[in-house]
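Below is one structure; the comments refer to it alone.
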Amino acid sequence: MKLKKYGFRIDNIQTALVPYILLLVLLTPLLLIFKFWEDSLLSLYRSMYPVFYVSIIGSILQEIVFRGWLVYKLKEIFDCPLTVILISASLFAVMHFFIPFQYIFVTVSFIIGVGFATVYYYNPNIYLASLVHIIINLIVPIGCYFRFLNC
């Protein structure tokens with residue numbers, strides 16, 4: 001099995017870096033706006049130890065499953081990039097439904113999923129996708145912990 005087809009590659013880091021940085025810049029304000037609407041989310045960030053593990057390990061696993069494997073398989077089935085992107089984003093959002101403040105977070109997860117699937121579709125790189133995902137998952141807890149954000 002060739003891992004490159006699942007996005008495990010370093011040959012496109014230079015060309016893929018800019019789209020992933022833009023994704024991070026565009027999603028961060030959206031994430032911050034939605035995260036502060038829900039007090040139940042902030043309570044999850046009060047304990048930093050598990051958040052770091054969930055953010056790092058969870059982000060890497062989600063990228064391997066939803067971008068590396070799923071996008072690759074959907075591209076084999078569908079010719080239309082929009083179909084692949086929307087299915088991947090929808091399944092990514094549904095996976096986040098277990099969180100207590102489901103409705104708003106599922107919506108945010110769908111939007112984030114569209115962004116990730118779009119960038120990944122055209123610039124498949126699991127390493128960059130995982131790094132951006134980890135950063136996005138850690139922005140609010142780190143901001144709360146260091147009191148940059150009012151949590």
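Could you derive backbone 3J(HN,Hα) for region 79-96 from the dihedral phi with the Karplus parameters 6.51, -1.76 and 1.60 (θ = phi - 60°), listing whole Hz in sequence and x where the residue is Gly or Pro?
8, 8, x, 4, 4, 4, 5, 5, 5, 4, 5, 5, 5, 4, 5, 4, 4, 8
If we count every other residue with Cβ under 14 angstrom of Trp69's Cβ, Lys/Arg +1 and Asp/Glu -1, where does the sum land? Working shown, then result.
Numbers: positive: Lys2, Lys4, Lys5, Arg67, Lys73, Lys75; negative: Glu63, Glu76.
In short, +4.
Can you tell me which of 64-76, 16-28 comes out highest on packing, and rank the rest after it, using the mean Cβ neighbours within 10 Å? Don't skip to the end; give the middle numbers.
Numbers: 64-76: 17.7, 16-28: 16.2.
Taking the mean over residues of other Cβ atoms within 10 Å, the ranking is 64-76, 16-28.
Bear in mind these aren't lab numbers, they're just calculated from the coordinates by the rules spelled out. What you see is a predicted model; the values in this text were computed from it and never measured. Positions of Cβ are generated from backbone atoms using ideal geometry, with glycine treated the same way; all protein chains shown enter the neighbour counts.
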